[in-house]
1. Can you list residues from other chains, or at least 5 along the same chain, whose modelled amide H is less than 5 Å from the amide H of B:CYS107?
2. Looking at A:ASN17, A:PHE33, A:TYR89, which one has the Cα that reaches farthest to the positive end of the dipole of segment A:1-92 (charges on Cβ: Lys, Arg +1; Asp, Glu -1)?
3. What is the sum of charges around B:PRO80, taking Lys and Arg as +1, Asp and Glu as -1, for the other residues whose C-beta is under 9 Å from the C-beta of B:PRO80?
4. Through the Karplus equation 6.51 cos²θ - 1.76 cosθ + 1.60, θ set to phi - 60°, convert the phi angles of segment B:174-184 into ³J(HN,Hα) values in whole Hz; use x for Gly and Pro.
5. Please turn the phi angles of segment B:21-37 into ³J(HN,Hα) values with the Karplus equation 6.51 cos²θ - 1.76 cosθ + 1.60 (θ = phi - 60°), one per residue in order, whole Hz, x for glycine and proline.
6. Taking all pairs of different Cα atoms in segment B:78-189, averaging 1/r and flipping that mean, what Kirkwood radius in angstroms comes out?
7. Which one of A:VAL57, A:TYR102, A:THR78 is farthest out on the positive end of the charge dipole of the protein assembly as shown, using unit charges on Cβ (Lys, Arg +1; Asp, Glu -1) and the Cα centre as origin?
8. Using amide H atoms built in the peptide plane, which far-off residues or other-chain residues are under 5 Å from A:VAL10 H to H?
Amino acid sequence: MSDSKNENEVEIYHRVNKLKLKAGAGLHDGDGFIDLHSIKRAQAVIDRKETLYMNEVEDVLKKLRVAWEKMQSDDEETIMHGKEELYHYANHVKDLATTYNYQLMGHFGSSLRQFSEKIDVENKMHFVIVQAHLDVMFIVYKEHIKDEGGDKAVELKSIVAAAIKKYF
Amino acid sequence: MNAPKQKQKDPYSLKSFRVLVADDYPFMADLMTSMIRELGVEHILLANSGAEAKEMVMMFNADPGSPNHIDMVITDWLMPGGDGDELIRWIRDSKKDAIKFLPVVLCSAYTSEEIVTIARDSGANEAMVKPISAKKMADRILHVINHPRPFIKTPNFFGPDRRRRLEKYKGEERRVMKPDEVKETHERL
């Protein structure tokens with residue numbers, strides 16, 4: 001890059017498309033594609049791993065509970081560590097659940113992740129909201145509830161919504 | 001007017017590609033790497049944080065003459081110990097061509113509109129909205145190969161051109177530089 005003194009300077013870099021060459025095409029060839037069978041095999045990998053969902057979500061929920069316990073510690077560093085873990089494990093729950101269309105679990109994972117960005121660790125009322133999330137997530141897991149629309153799902157969502165409304 | 005280029009008859013071969021996947025969640029990281037392997041990529045590296053991804057990029061791409069450069073980075077957005085945004089900005093800030101021009105695909109659960117803005121402004125080449133699927137992943141990889149954009153350097157930004165379509169601007173002329181003052185560099189093989 002040049003060391004021009006012009007502070008508004010704009011430079012455009014046109015690069016050789018080496019990836020296209022590496023993929024076996026010529027620079028001036030038209031668009032290429034990925035073999036459809038490969039894409040189907042790749043999707044089959046995702047689909048096959050759905051059998052692991054229940055064990056995996058249980059594992060992440062347990063980690064969430066440990067993070068939550070850390071947040072109730074007296075040590076400030078442990079609390080902050082727990083808060084960060086809560087955020088990331090909630091994100092993991094959301095990623096996992098939405099991959100396999102477990103909508104309700106995905107909803108609560110997303111809700112807890114969003115809430116954990118706003119948690120004031122000095123405000124014990126906020127802890128009630130975290131607890132409400134964890135309680136309903138374990139119920140969703142144990143009762144194997146997948147969709148968001150059923151009566152139980154609506155009831156669980158209303159519990160969390162009420163906790164957020166009352167304590168946030 | 002140029003005739004449209006014909007689509008290729010044979011599929012791309014991705015077997016010599018080296019792809020780095022950065023994701024802190026082992027289950028998703030395993031899912032991504034298995035999926036990418038099925039798409040034909042034989043060399044896949046895995047980093048469980050942005051910091052580890054930086055180390056790997058340095059290890060493989062710092063030497064301009066190395067034959068083992070990472071060709072593409074696929075990174076999650078939210079990671080402890082250095083997130084996707086930080087990783088992409090670090091890549092684009094590098095002084096080394098084999099690092100700063102690295103294609104990056106950003107994965108996030110944000111809505112498609114949000115992630116397009118985030119990816120565009122951070123300097124990512126492509127964005128993929130979660131939940132992941134093989135088709136989405138294949139589409140993003142293909143887009144990087146089929147439609148690379150030129151890189152733009154301005155005082156506030158370095159990364160792929162944020163305009164995806166080059167259309168004539170019809171609004172008020174506000175450019176500080178005239179088009180013929182813009183420096184253009186064409187890489188040669």
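The values are calculated or read from the model by the stated rules, or taken from the named source; none is laboratory data. Quantities reported herein were computed from a predicted structural model and do not represent experimental measurements. No Cβ is skipped: glycine too gets one built from the backbone with ideal geometry, and neighbour counts run over all protein chains shown. Just the protein is used for accessible areas: all its heavy atoms, side chains included, with ligands, DNA and RNA removed. Shrake-Rupley method; radii C 1.70, N 1.55, O 1.52, S 1.80 Å.
1. Residues meeting the criterion, in which the H sits 1.01 Å from N, are B:THR75, B:ASP76, B:TRP77, B:MET128.
2. It is A:PHE33, whose Cα lies furthest towards the positive end.
3. Numbers: positive: none; negative: A:GLU84, A:GLU85, B:ASP24, B:ASP83.
With Lys, Arg at +1 and Asp, Glu at -1, the neighbours total -4.
4. 3J(HN,Hα) across segment B:174-184, in whole Hz: 10, 5, 6, 9, 6, x, 6, 8, 6, 7, 10.
5. Each residue's phi maps through the Karplus curve to give 9, 10, 7, 7, 9, x, 4, 5, 5, 5, 4, 5, 5, 5, 5, 5, 4 Hz.
6. Numbers: mean 1/r = 0.0638 Å⁻¹.
Final number for the Kirkwood radius of segment B:78-189 is 15.7 Å.
7. A:TYR102
8. Sorted by chain and number, the residues that satisfy this are B:LYS183.
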